[in-house]
Structures are given as structure tokens and as C-alpha cells.
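The values are calculated or read from the model by the stated rules, or taken from the named source; none is laboratory data. Keep in mind the model is a prediction, meaning the values are calculated, not measured. For neighbour counting, all protein chains shown are included, and Cβ atoms are generated from backbone atoms with ideal geometry for every residue, glycine included.
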There are 2 protein chains.
Amino acid sequence: MGDGRKSFWAWGYEERLPNDEARKMLAETLGRALGFKGLTPRPLPKLEDVRIPAPRIPAPPHLDGSASLLDRVTHTYGRSYRDIVRGFAGDFTPAPDWVAYPKDEAQIAKLLAYCSKEKIAVIPFGGGTSVVGGVEAVVGDGYRGVIALDLRNLDRVLEVDLTSRAARIQAGATGPRLEAQLAPHGVTLRHYPQSFEHSTLGGWIATRAGGHFATLYTHIDDLVESVRMVTPTGLFATRRLPASGAGPSPERLVLGSEGILGVITEAWVRVQARPRWRASANVRFAKLEDGVQAARAIAQAGLYPSNCRLLDAREAMLHGVSADGVTVLLLAFESADHPLDAWIDRALSLAKAAGGTCPDGTRLRDAGQGTEERTGAAEAERGDAAAWRQAFFDAPYLQSALITMGVIADTFETACTWDGFDALHRAVKDAVRGAMQDACGAGVISCRFTHVYPDGPAPYYTFLAPARPGEELAQWERIKRVASDALIANGATITHHHAVGRLHRPWHERERPEPFGRALQAAKRALDPAGILNPGVLVDP
Amino acid sequence: MGDGRKSFWAWGYEERLPNDEARKMLAETLGRALGFKGLTPRPLPKLEDVRIPAPRIPAPPHLDGSASLLDRVTHTYGRSYRDIVRGFAGDFTPAPDWVAYPKDEAQIAKLLAYCSKEKIAVIPFGGGTSVVGGVEAVVGDGYRGVIALDLRNLDRVLEVDLTSRAARIQAGATGPRLEAQLAPHGVTLRHYPQSFEHSTLGGWIATRAGGHFATLYTHIDDLVESVRMVTPTGLFATRRLPASGAGPSPERLVLGSEGILGVITEAWVRVQARPRWRASANVRFAKLEDGVQAARAIAQAGLYPSNCRLLDAREAMLHGVSADGVTVLLLAFESADHPLDAWIDRALSLAKAAGGTCPDGTRLRDAGQGTEERTGAAEAERGDAAAWRQAFFDAPYLQSALITMGVIADTFETACTWDGFDALHRAVKDAVRGAMQDACGAGVISCRFTHVYPDGPAPYYTFLAPARPGEELAQWERIKRVASDALIANGATITHHHAVGRLHRPWHERERPEPFGRALQAAKRALDPAGILNPGVLVDP
């Protein structure tokens, strides 16, 4: 983790960005491994050198906020590839004019009323980790200015109901903040998006974030019991219910609304006891297709593993799980209630029936007893959950470092039905490889499944290509466009958990039913008649 | 099952309504058991005697349909208590003027265009089993007439994708129709609402029907992969996706829309292999509280039983599961993939830890091997799934029979958090008993949990009271009102799976967030600008 100063342009904490020495080594290693020529780390940007326009509006009266350089710079972008490239170049042209730090719902309501009257756009801002331009102040010409509404002062766990296993948590709480407050109660949310350290509950809800579990409770959607959202025309507060059949779900209109309908202020979420038992295994496959078959069989068996991540050969190598060109399935079960032998045994049988081998055997852990068993010749840290988790949370730092040495490094993700995966995968790989070749002269792409469902996987792609300094964005845009086109043309979704934002909107418009776009726009106009909330995202205001 | 002629006024097939002899015996038994005085079966109504107004509009040109007496009568009501009382009395005043039987989406679009132009209300009609006035033609004065749009001609399974375990099914297929077409493929939807024999896939989606599984995949919501809906302003067709994070879910706007946004024509739904293994047990508790504690522990354990139904002492008696005043938990697991010993053993341990006993032991069945094991002194049919299922599907016939002898017999259901259940249950019982005493001088109420979630149960109430002939509806309305008030006042939902319709709308307006009502109305107006679709349901047109 970390709690130092956040970088104004790169991912996360300054102290965790690889230093000059590390970046130099990384450039050499990567150049050798991938054949990218001339990778050289460039000097990091300085806050005092950034380009940023003067604020266009005065501070709203009687509200907490700031127009300081640091506040405006740190609320200009999310953390997409484009954002980091622009930040690295010191370009903060789209900065908001003011940053609000409301302390309660009343202040939020007051700000929304003021901005509705004054025609000022408001961008709700959680952890600022959007990788899709969700918080960028590109709002068109119809506004006198833009205010970023930062929820950081609303970061408390307000109530814990141990009987119903639920907690009432303010929207501005980051992952570590809310877990630290839940821990004394012996419960946990266990929602770990890659942005966990920095992103917030409200942000997760607004963007339908994908979390820890590879099956079953995959999205924050599944963990939201009720939600409160301040809209410009009143409070949108749902009931605490385990389920309901009363009309279309009001929570589901808030989930994925990306700040266009209101400002999410708090939610009751479903928590659980800390897991005591854990069972895990790494299964190896000579061919990707066999791994896919195994993942599908397990996803359709009603076993519900917490981890069922399939890594293609390159991903397995990148993550240090395997160096010998095999596909790897990371399999794990966890429970606070019961040992998991029956579960992992059956999942392993299914994986082996699909051609998998498990040379390291199974690991069974019982935290209550402090015991750990291994079957087979399990090696020390291989496939260890903690190691995977560290690499998982470090990956975005690596991306920032790569950008400083002129490497295009980005990810995109989707979901599709099992019967559609082969064609989709081929189309995506061909399209992205072709675009990397055309735009950059080289490049590699890898794939993993982050989540699996009975009816399909959620493939997640990483691509790396050498950039020409100053042309990175045009090169990247070309690759991103063909990748997105391939997803939509092959029946997949433009995002399984990265959200839509400004970046994915053209493809979201092709994906969603046309009448749904009109219905959503009508709903937005009913709740936000002045059209001030996050204009440009999802629908026109 | 059955495939005879459907009753024009009562539940289901004519042949399965208890005959005169059976009704006489039932009246005597019930009079004795509950102390209701003077129960006498009255003669059944005849179609030729019904009161029905003349049609107000001509048949729309070039469309398939009918204005015959039988067609209009069988599309006047759903099958709520009120509906059956009015049907039994021969009162079909709110009959639709015409019944459309479109054969494809093009005919539906044509009908919607015609009715938008002519200001004729359209009520989408599936199986006609609504218990909340969802299909009743009470639409206000703003319409020249009303057309019931019956989907019965769209009843086919169009595609089965065994790789992704999904099937494309037309909305007018009833439960038996779609299961019969899936069976040759070796798969099943396994969605069994009590109305299964008569209700349709489209109706389930429009009303968010609750199904077979007591945990996990409890609603049809969880089984819908994509949906097609014809709106007056265009086709609303979503992609086949196992999951997505792209904006608010379009499917979730259709789920629960109760015919106000469009006509659902088909859906891809998630199917599964036929279960091979089954493990079940009946657990007995001296006190309801202990049974609640057991149900909660199992719901929070991550075991996901297919059945986890808790019956209070009266329900257990009514269902023939126990005659000695104990609370009973019906517990079952099923799987197409693996034996369930570990699952049922752990669930039974949890139930026993809460004070339960299991004198009949566990039943383990393996349909593949044709084997059956019993531990303990398992009695022949006690707790047998088939027996429970038969009683479950027969219950609505019993209700119709009770109405003919002047018994108010109805059910209502809800969901709440575990920490709120005790107070809710007390309030509901007190309110309903008080209202039955005031209105009828007597009455009984019982409770079961139909579904359980980690954060709360779905309690389902049945009440019986003696009616004064001719005053039934006023008596019933009083009871229904206090019951609904008690649900809303105690933080519960007006419906976990019966839907809102015209009956629950006043309470739905108290339950839902005020801005959500406006958003939904705005969405409706965007898709149905003439306001012709099921006016009066959920929101004003």
C-alpha cells in the first residue's frame, strides 16, 4: 500500500513510481525482451512547469473548496493512458476551474442548486482513477465553467449491521479507508478493483466496478443493498432490501450512471466475515483453448471459485507465474464458513479433464488453525495469492513508468458469450497487432480472463508498443479505435468494468439499444434539468 | 399439469378446480379446523351470464385478433383475489374491447403505431396470471378503447447455444411450453414461479418473477442474458452478454417494466444441464426464531441451497409437512455436476447449531445412477420435492375453490433485512389479525420464507378469513391495506416477486425514491410518447 503524496500526473503515490535507476533497467529489459528500440526514460514533469488556463469563474459563495494549482491539476484527469501522457507532458488545459470539497449532503445540494442557476458544469470526483475520461472537464461550450466535486470528506463507515451483514458507508471512502473501518467489526467488503488503493465506493457504484471475485459477486452492483444520491431535483434514496420485484430496480439506474444523474453520497453494502479457509491451485495447459474449456466447465459447474483467472502464455510470463509458454489457470476458493476440499477437488477434476496439469498440487489453508497443507510438490511463492495481488496493484505504476520511456502501454476489457470467444479473440488480436504494426512498427498483445460466468468470460487485453515521442496519442488512438471496433463488431461489450466515460461513448452508442439511449437521456433531463452533471458522458445533456 | 380448457373466471384449467363434492368437504374441514361458520360452496358462474359492455372500437385493420365474448372475458382480469371474486360474480365490466394475437414483431409494431395514432390503450398480455391488477383494463378516460395484446403465438424456443448454456425463447412461451422445447437439448431453465403452468417468459421478465431457487438465481432477472422489446418508437434490443459495466444496464430497465415501455418479444436466457444429484433434509425447530436463525446462517454461509424454505407451524401444517406445531426448514441442494454431501452436511450442521433436529435424516439422490440413500429414519414421502411441488402448484386452485364458499384467501409477500424481520413480522401479524377481526370477526395468518439472501429473507404471508357474501371485496381491501401499510412502514418492499400493477401502486410510490418515479415516467414518455402502453401501471403516462 502506501500513504505518501499522490503524483499529480502519474498513477498513485509518488514514492511507488519506479525511480530513475529502476526505469533505466526496465527500459533495457523490455527493449531486449520485446525488441523495442531506443527506449530511454525521460525526466519527470514538475508541477511548476504545467500549462493550465486561469479559472473562469469565482468561487461559489459559502462552500468549501479551492482553486489552487495542485487542486486543479490533480482534478484535471483520470488515469487513462491518454491522461498520463498528457500529464507527463505538463498539459493540464482541460483543468476544472474550482474544486469543491463538500462536507455533507446539504452542501452538495447547495452546490448543485448554485451551479444549475449559474450554468456551471459539475463533475463528481471520487478517487480520480477513471481510465475512460470519466472525470475530465471536456463539457462543450454551454457552460460558464466547471467544478470538480470531490467526495473525500465523506469517507466514513457510518453503521455496521452484523445481523444482516451490511454496512452503511459514505461514498468518498477509498478501499483501504473503508476496509480499515470495517476490520474492527470482523467483516470485510472484499471488493478489490485494481484501483482499490485510490478509488472510492461512490466511484465504484457510479462505474459498476469489477472486483475481487472471479465468479458470482463480480461487480459492485451485486454488493449494493441501497444507495443515496443527491440530484439537482431532490434526494434519490432507496430502501435497504435484500431483493425486490417492485418495478425496474432504482439501484440499477444509479449503478453505472457515471455522475450524470446525481452525486452518490452513501450506500448500504453487503459485507461478509473474513475468510478463514482458502484452497488454491495453478493449472497449466499446453493450449489456450484447453484452458478456455476448463474455465468454462468450472464456471458452469455451480462451484463459484473466488479466483478463476486464465492467463495466456504471455500474461503468465508477465506475471511471473510461468516462464515456459504455457497457459495458466489460477484457481482459488475462499470461505469464512467451511473447508473447501470438495470444491477445489471438483474444480481440479474439471480442469484436468480439459487437459490441465497441476504439478504444484493444491494448497489448503485454515487461518483459524494457522495450518497449511500442500499436496504435490508445491513451490514456495508460485501462484501465491499475496504475490499475485501485489503484482496486480503494482501494474498501474508500471504503466506510468513505461509511458515515461515512450512505450504505449494500455489495457482494455470486455465480456462475450462462450460460443463467441474464439472469433472475438482472433479478431481482436489481428486488429490490434495490425494497428500496432502500422502505427508503431511493432507491438505485443496478451489476454487473460478476469471474471468468468456460466454464459461467458470477461477477456482482458494488455498491449505494448514502441511510441514515437510526441506522436504517442495519435498512435495509441489508432490502436484503441480498431480494438474497440473489433469488440463491437463481434457482439462483445465495450467494457465489462472500466466504464464508458468520454472515451468509450461512441462505441457505447453502437452497443446500447437506441431507445435505451433516449430513455436514459430523458431520465437525466428529469433529474438534472439544467444539464450540469458530468456533461458529455453517456448521453447529451 | 393439465391441458384442458382454461376457466374464464378461476385459476388455471377448469378440470383441476375442486368439484362440488370436494368443495363441500373442504368447506366442512375448514369450518371445523378454523372455526369459520356457515361455509357453503355456491354455484359456479356461467359464461353466458356474465355482464360485459359492448366494444367501443372497431377491429384494427389488417391485424389478427378477436372481439368474441370468450376472448374478451379471458383477457379482462388477472388472477388476484379481487379478480376471482369479480369473475365468480360474473362481473366483466373492465373488459378490453379487442384482443390482438400478433404473429411477429412487425405486427406488434403496426398495432402500436395504429393505437398511438388512434389513442387506444394497449395492455401486453402473457399468461394473464397477474395477482396485482397488472393486465386489467382500467386506464382512465383518456383513451378511445383498450386492446389486450396477447403473445400466445410467439411461443417457440428459437435457438439453443449449448456452449454458452443459453437459449433464445419467444416471450409468449409458458413454462411447460418452453421446458418441453428445451428438454430434447438436455437443458432446462428451471424457473418455477407458482404460476409456471400458465405464465410466460415475457410476463416473468415484465414482472421480475421469482422462481425455483431459494438462493442465488432467485429472480428471472438473474437468468436474462439479453432481451428484445418492441416500443412505439423503435426496437429495444440488447446484446447477448454474460455481464457488462457499460452504463446503467438496459436489461434492468426492461425487467419490472410491467408493459409500460414496450412489448417484450423474446429473450436469451441462461439455461443449465438437468440436475443429476440432489440432497435434501427437513429440519424441525420448536421456535420460529430458531428456524430464522438457521435460515440466516445458511444464507450467509456461501452454500447456495436450491431450497431453503422456512415454514412457520401453520404453514407446515397446511402443507402437510408437520402436524405437531413445529417450524420446518425445507433444505435441498441440486447439481448437474457433483455429489452434494459436503454441502448438505455443512448446512445441516448450521441448522442443528441453531437448535434444529432432523429426525428423518438426509436424502441423497443420484439420478444418473438411479440410487437413493437415506440417513436416519427417513419416512416415505415426507418432505418429498415432488409432493411439495404438487401442493405448490395446486395452491392457486385451492384459493379459487375457497372463494366460491365465501372464504377470503390471499397471499402477499415482501423482503426485508435480517435485522428488521422480527419487528416487521410482529407488525404484519398484528395488523392483519386486527383487520381480519374487525372486518370478518375471525381469521388466520401464516408465514414462510420463499427465498433467503445473505442480508435478508423474503417472507410470504397467507391469510384466511370468513367473508360476508357481497361484502368480500370491502373486507379484503381493508386487510390488504393494513398489510401493505405495515410492509411500507417497516422498511420492507411492497413486493419481492408479485409485481406492482394497479394494486400495489400507491405503496410502490411510497417505497421508491421520488426522483426515480420521475425518471421512470420520463423514460416512458420517451419510448411511448402517446402514453398507450398499460396506462395506470407504475407511473402516469
Every residue in segment A:217-251 that is out of contact with any His (no Cβ under 7 Å at 6 or more places or on another chain), within 19 Å of A:L520 (Cβ to Cβ) and either facing another protein chain (nearest Cβ under 7 Å) or modelled with pLDDT under 95 (or both), please.
A:T231, A:T233, A:G234, A:F236, A:T238, A:P248, A:S249, A:P250
In segment A:196-217, is there at least one residue being out of contact with any Gly (no Cβ under 9 Å at 6 or more places or on another chain), in a loop (DSSP other than H, G, I, E, B) and crowded, with 22+ Cβ neighbours inside 10 Å?
yes
Does B:A313 qualify as being under 30 Å from B:A499 (Cβ atoms) and in contact with a Gly (Cβ under 8 Å, 6 or more places away or on another chain)?
yes
Just give me the residues in segment A:145-167 being within 14 Å of chain B (Cβ to nearest Cβ) and either under 27 Å from A:G78 (Cβ atoms) or of a type outside the set (D, E, K, R) (or both), in sequence order.
A:V160, A:L162, A:T163, A:S164, A:A166, A:A167
Search result, residues across segment B:512-540 that are surrounded by fewer than 23 Cβ atoms within 10 Å (Cβ to Cβ), without any contact (Cβ under 8 Å) to a residue 24 or more places away in the chain and facing chain A (nearest Cβ under 10 Å)
B:E514, B:G517, B:R518, B:Q521, B:A522, B:R525
Consider only pairs whose beta carbons are under 8 Å apart and that are at least six residues apart or on different chains; among these, list those whose first residue lies in segment A:299-325 and is within 14 Å of chain B (Cβ to nearest Cβ) and whose second residue is among the acidic types (D, E).
A:Q300/B:D337; A:A301/B:D337; A:G302/B:D337; A:L303/B:D337; A:S306/A:E334
Could you list, in sequence order, the residues of segment A:113-152 that are over 19 Å from the mean Cα position of the chain (by Cα), touching a residue at least 60 places away in the same chain (Cβ under 8 Å) and in a loop (DSSP other than H, G, I, E, B)?
A:K119, A:I120, A:A137, A:V138, A:V139, A:G140, A:G142, A:Y143, A:R144, A:G145
Checking the condition among the β-branched types (V, I, T) and away from chain A (no Cβ under 13 Å), which residue from B:V254, B:V283, B:V263 passes?
B:V283
Please determine, by comparing only the residues of segment B:484-509 that are in contact with a Ser or Thr (Cβ under 9 Å, 6 or more places away or on another chain) and assigned to a helix (DSSP H, G or I), which one is farthest from the other protein chains (Cβ to nearest Cβ).
B:P506
Candidates A:K37, A:K24, filtered to the one that is charged (D, E, K, R) and either at positive phi or not in a helix (DSSP H, G or I) (or both):
A:K37
Would you say B:F196 is touching a residue at least 12 places away in the same chain (Cβ under 8 Å), in contact with a helix residue (DSSP H, G or I) (Cβ under 7 Å, 6 or more places away or on another chain) and closer than 18 Å to A:P513 by Cα?
no
Looking only at residues in segment B:346-358 that are assigned to a loop (DSSP other than H, G, I, E, B) and crowded, with 19+ Cβ neighbours inside 10 Å, which one is nearest to the other protein chains (Cβ to nearest Cβ)?
B:A354
Among the strands (runs of 3 or more DSSP E) lying completely within segment B:359-417, list those that include at least 1 residues that are away from chain A (no Cβ under 14 Å) and at pLDDT below 85.
B:371-374
